[in-house]
Every structure is written in structure tokens, then in C-alpha cells.
Amino acid sequence: MQRPLLLVEDTDSDAEALLRVARKLPLSAPVVRVRDGESALDYLFQRGAYVGAPRPVLVLLDLNLPGIGGQEVLAQLKADPALRSLPVIIFSNSNEARDVSTAYAGGANSYLFKPSGATELHEAARALECFWFSAALLPGVEEPSG
């Protein structure tokens, strides 16, 4: 099975909009969505319903999640030697300097502010696809996908 992009997003409308855009792009990875921090950690650590789940190639992580927040997900992921090199892109409604600084200090590889309009969302998703799935070499992926 091809390694997926893990989308950690609790807001259905945000997730659905992003998935609609992703279907229009030449995205080389399937998208798996979880709705909260606990499910994200279960997926990443292959626990519970996610035993045997493929490791994601990249994580798109919202900060404001119910229960375990995005910063805690990031901290646990980056503390684990097997997951530490996994790229994490924060995708959040917060553009507070404190949130941005904390995310980068915690090991985030990028921080994207969630755009409000469909055109801006498409542009952000296209930029994400162009860089992370076409230009960048990702850990555990043998060759560039684009």
C-alpha cells in the first residue's frame, strides 16, 4: 500500500474542502483523515483500530483539536525515534506568532495558515503538493514522486 498523507482535522467543512482540492491535484499519496489528537497518535503509533496502518509520508496537523491538541501530538511524534523524521506541516486557523514559534520549536517542518476562500485553499494545497510531493525528498520514500 502506498504511504498516505495523514490529515488531522476535526472540522468537517475544512477537511472536506481540503479533500476536494486534493482530488483535483496530481497528489501522489492517498489522504487518510482522523478527527482528533488521540486518533492521530493511535494512527501514528499503530494502536487500536490502526494496528498495521501504513506509516504516513507526511502529516498535515491542525493545532486546535478536541482532547489532545496538535502541539501535544507534535511533541509525542517528534519525541519518538521512529517517527521523528516524519515531516509535519501545521495547518491552522491561528496566525498568532506564539503558535507559529511554538510549532517550529516543537519540530514542525512548515506552518500554513488556513485560507478562508476556495481559491486561496487551492493555491495553498497546490503549493503543498508542488513542494512536498514533487520537489522535496521525503524520508522513507525511495524516489521523488513527481
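Among the candidates GLY146, GLY140, GLY107, the residue that is touching a Lys or Arg at 6+ places or on another chain (Cβ under 6 Å) and either at pLDDT below 85 or open to solvent by less than 60 Å² (accessible area, probe 1.4 Å) (or both) is uniquely GLY107. Sort out which residues of region 123-134 are closer than 20 Å to ALA15 by Cβ, open to solvent by 70 Å² or more (accessible area, probe 1.4 Å) and either of a type in the set (A, V, I, L, M, F, W, C) or touching a residue at least 60 places away in the same chain (Cβ under 8 Å) (or both), and write them in order of number. Result: ARG126, single match.
Of the candidates SER92, SER85, the single residue that is of a type in the set (Ser, Thr, Tyr) and open to solvent by less than 10 Å² (accessible area, probe 1.4 Å) is SER92.
Applying a threshold of 6 Å to beta carbon distances and a minimum spacing of six or more residues, or different chains, the list of pairs starting in region 93-116 at a residue that is of a type in the set (Lys, Arg) and ending at one that is open to solvent by 70 Å² or more (accessible area, probe 1.4 Å) reads LYS114/ASN93.
Evaluate region 35-43: report whether one residue or more is closer than 17 Å to VAL73 by Cβ, open to solvent by 20 Å² or more (accessible area, probe 1.4 Å) and aromatic (Phe, Trp, Tyr).
Looking through region 35-43, none of the residues is closer than 17 Å to VAL73 by Cβ, open to solvent by 20 Å² or more (accessible area, probe 1.4 Å) and aromatic (Phe, Trp, Tyr).
Which residues, counting only those in region 86-122, are in contact with a Pro (Cβ under 6 Å, 6 or more places away or on another chain) and under 19 Å from THR11 (Cα atoms)? LEU121 - this is the single residue of region 86-122 that is in contact with a Pro (Cβ under 6 Å, 6 or more places away or on another chain) and under 19 Å from THR11 (Cα atoms).
Considering only residues in region 14-25 that are surrounded by fewer than 17 Cβ atoms within 10 Å (Cβ to Cβ) and touching a helix residue (DSSP H, G or I) at 6+ places or on another chain (Cβ under 8 Å), the one that is farthest from CYS130 (Cα to Cα) turns out to be LYS24.
Selection within region 50-82: residues that are under 21 Å from ALA29 (Cβ atoms) and touching an Asp or Glu at 6+ places or on another chain (Cβ under 7 Å). The member of this set that is surrounded by the fewest Cβ atoms within 10 Å (Cβ to Cβ) is TYR50.
Yes or no: SER28 surrounded by 13 or more Cβ atoms within 10 Å (Cβ to Cβ), modelled with pLDDT under 90 and not basic (Lys, Arg)? Spell out how you get there, then give the answer.
On the way: surrounded by 13 or more Cβ atoms within 10 Å (Cβ to Cβ): yes; modelled with pLDDT under 90: yes; not basic (Lys, Arg): yes.
So SER28 fits the description; yes.
Looking across LEU60, LEU65, LEU74, LEU83, one residue alone is touching a helix residue (DSSP H, G or I) at 6+ places or on another chain (Cβ under 6 Å) and under 16 Å from GLU9 (Cα atoms). It is LEU65.
Scan region 1-47 for residues that are free of Cβ contacts under 8 Å to residues at least 60 places away in the same chain and part of a loop (DSSP other than H, G, I, E, B) and the total you get is 11. Of the residues making up region 87-109, none is assigned to a helix (DSSP H, G or I), touching an Asp or Glu at 6+ places or on another chain (Cβ under 7 Å) and either of a type in the set (S, T, N, Q) or within 23 Å of GLU129 (Cβ to Cβ) (or both).
The values are calculated or read from the model by the stated rules, or taken from the named source; none is laboratory data. Computed from a prediction, not measured in an experiment: that's the story for all the values here. Note that each Cβ is placed from the backbone with ideal geometry, even for glycine, and that neighbours are counted across all protein chains shown. What goes into the accessible areas is simple: the full protein's heavy atoms, side chains included, and nothing from ligands, DNA or RNA. Shrake-Rupley method; radii C 1.70, N 1.55, O 1.52, S 1.80 Å.
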